[in-house]
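Below is one structure, written out as structure tokens, with a few remarks after it.
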Amino acid sequence: MRRIFVLNGPNLNLLGTREPGIYGTLSLADIEERLKARAGGRAEIVFRQSNHEGELVTWIQEAGSEDAGVILNAGAYTHTSVALRDAISGAKAETIEIHLSNTHAREPFRHKSFITAVCRGVIAGFGPLSYELALEAHLAPRD
Ligand code: DQA
């Protein structure tokens, strides 16, 4: 069965209480539960969160080494991290970048992503559904 690493960056552990007007009221555990239910028997979901950039780098390398797919919400590191970009391209981890919020409708500093260019695609602005859409994209047959 395909393994999909769902990696969450800084402050996403606060979901549920963090700026609910922007990020909604579901906790990260709620999102994990929904995603696992959607995956059903189609994929094994490895769901993790870290506030530390290097830990995310290590997990991307781990996913790449076992040819697993990655769904990455890098949080604020999206807009700053050369290390995450290099991990994705170096580890050849097939990665879909996601965001709960539509980053392009927010502050200008959120319009720039360091990782988009090395990701297969980007899904942003659909709240928790962004995770599920990325899962479907990973599992869809390639035409
Ligand atoms: C985010 C958007 C980022 O700009 C922000 O720093 C986050 C969350 C999102 O999911 O909308 O932490 O990645």
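The values are calculated or read from the model by the stated rules, or taken from the named source; none is laboratory data. Everything quoted here is computed from the prediction, not taken from an experiment. Virtual Cβ from ideal backbone geometry, glycine too; neighbours counted across all protein chains shown. For accessibility, only protein heavy atoms count, side chains too; no ligands or nucleic acids. Shrake-Rupley method; radii C 1.70, N 1.55, O 1.52, S 1.80 Å.
Kindly indicate the residue of the range 84-112 that is within 12 Å of the ligand (Cβ to nearest atom) and charged (D, E, K, R) and also farthest from the chain's Cα centre (by Cα) among those meeting that condition.
Here the residue is Glu107.
If Ala76 meets every condition in (1) more than 13 Å from the chain's Cα centre (by Cα); (2) aliphatic (A, V, I, L, M); (3) open to solvent by 40 Å² or more (accessible area, probe 1.4 Å) apart from one, which number is that one?
Checking Ala76 against (1) more than 13 Å from the chain's Cα centre (by Cα); (2) aliphatic (A, V, I, L, M); (3) open to solvent by 40 Å² or more (accessible area, probe 1.4 Å), the one that fails is (1).
Which condition number in (1) under 18 Å from Glu132 (Cβ atoms); (2) surrounded by 15 or more Cβ atoms within 10 Å (Cβ to Cβ); (3) free of Cβ contacts under 8 Å to residues at least 40 places away in the same chain; (4) among the acidic types (Asp, Glu) is the one that Asp86 fails?
Only one criterion is unmet by Asp86, namely (1).
I'm checking my understanding of the structure. Among residues of the range 41-68 that are part of a loop (DSSP other than H, G, I, E, B) and open to solvent by 50 Å² or more (accessible area, probe 1.4 Å), which one is farthest from Glu132 (Cα to Cα)?
Applying the filter and picking the extreme gives His52.
Only one residue in Ser113, Ser89 is part of a helix (DSSP H, G or I) and farther than 22 Å from Glu32 by Cβ, so which one is that?
Ser89
Starting from the range 94-107, keep only residues that are under 30 Å from Asp67 (Cα atoms), then list their pairs with residues that are among the charged types (D, E, K, R) and within 10 Å of the ligand (Cβ to nearest atom) whose Cβ atoms are within a distance under 6 Å, requiring at least 6 positions of separation or different chains.
Thr103/Arg110
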